[in-house]
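What follows is a short report on a single structure.
Bear in mind that the values in this text are calculations on the coordinates, not laboratory data. Being a predicted model, the structure only gives us computed values, none of them experimental. We place every Cβ from the backbone using ideal geometry, glycine too, and count neighbours over all the protein chains shown.
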Amino acid sequence: MTPTLEQRIARLEAIEAIKVLKHRYLRACDHKDPEGFRAAFVARGAVVDYGPKIGRFEDADGVTEVYRRMALQRREGAYVVLDMHHGLHPDIEVLSGTEARGRWTLRFRQVTLADRMERVSTIEYDDRYVVEDGAWRISSCHVRTLWTLATPLAEGADITETLS
C-alpha cells in the first residue's frame, strides 16, 4: 500500500528530528558539554559500544562519565584534548512512529596536547533511535573505526582554543 501524504511527511519529520539529535550530540562532543552529550541518549538502558579503546556500556551514564573525564581534562588551564566531529552521509530508516535506525560516517579530528599528536579518523556509527517523552533519543550506538592517521604536531605548532 502506498503511504499517505501524512505518513510521508511524518517520516520526513522523523528523519529531520533524528538528524538534529545527532548534530546536537556531535556538537556537545566538540563543546565539551557532558549534559548535552548525555541528553542525546534514552534515560535508561542505552547500549553504547565505542570499541576497544573506550569500551561498551549498558547505560549512557557510564559512557558520559568516561567522556567527562577525557573531554574535561586540563593541563595548565587548557584542555588536553580538542575534538572535531563532522557527521556525514546520514542513512536513516524509520521503522515505525517511535523507532528508527541510522548509519553515519564521522570525520573525526583530534589534537592531544599531552602527547602533541593529531589524529584524523573515519568512523562509522550504527545507531538505533526511539521516541522517549515525545523526542527522538539514541537507544543504541555502535562505533567502528575504519582508519586513523596519527601524526606528531609540528615543532612550534601554536594551538589556540577558546573553550576554556
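Would you mind working out the magnitude of the charge dipole of the chain relative to its Cα centre, with +1 at each Lys and Arg C-beta and -1 at each Asp and Glu C-beta, to the nearest 20 Debye?
Value, rounded to 20: 160 debye.
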Unit charges at the beta carbon, dipole of the stretch 5-152: most positive-side option, ALA60, TYR79, THR151 = THR151
Build a GNM of the chain with springs between Cα atoms under 10 Å: which of GLY102, GLY51, GLY77 gets the top mean-square fluctuation?
-> GLY77
Provide the per-residue ³J(HN,Hα) series for the stretch 2-14, in order, calculated from phi with Karplus coefficients 6.51, -1.76, 1.60 and θ = phi - 60°, each as a whole number of Hz, with x at glycine and proline positions.
-> 6, x, 6, 4, 4, 5, 5, 5, 4, 5, 5, 5, 5
Fewest to most neighbouring Cβ within 10 Å: what's the order for VAL42, VAL47?
-> VAL47, VAL42
What is the distance in Å between the Cα centres of the stretch 1-40 and the stretch 117-142?
-> 10 Å
Report the calculated FRET efficiency for HIS89 and LEU163 (r = Cβ-Cβ distance, R0 = 25 Å), to the nearest 0.05.
-> 0.35
Using the Karplus curve 6.51 cos²θ - 1.76 cosθ + 1.60 with θ = phi - 60°, work out ³J(HN,Hα) for each residue of the stretch 80-96 in order, rounded to whole Hz, and write x for Gly and Pro.
-> 7, 10, 10, 10, 9, 10, 10, x, 10, 6, x, 10, 10, 10, 7, 8, 7
Could you list which residues have their amide H under 5 Å from that of ASP59, counting only those 5 or more apart in sequence or on another chain, with H placed in the peptide plane?
-> VAL48
Karplus-derived 3J(HN,Hα) from phi for the stretch 56-68 (6.51 cos²θ - 1.76 cosθ + 1.60, θ = phi - 60°), whole Hz, x at Gly and Pro, runs 10, 9, 9, 7, 6, 4, x, 5, 5, 5, 4, 4, 4
Could you state the number of Å between the C-alpha centres of the stretch 73-107 and the stretch 148-164?
-> 21 Å
Under a GNM of the chain (C-alpha, springs under 10 Å), which listed residue has the highest mean-square fluctuation: GLU76, GLU124, GLU58?
-> GLU76
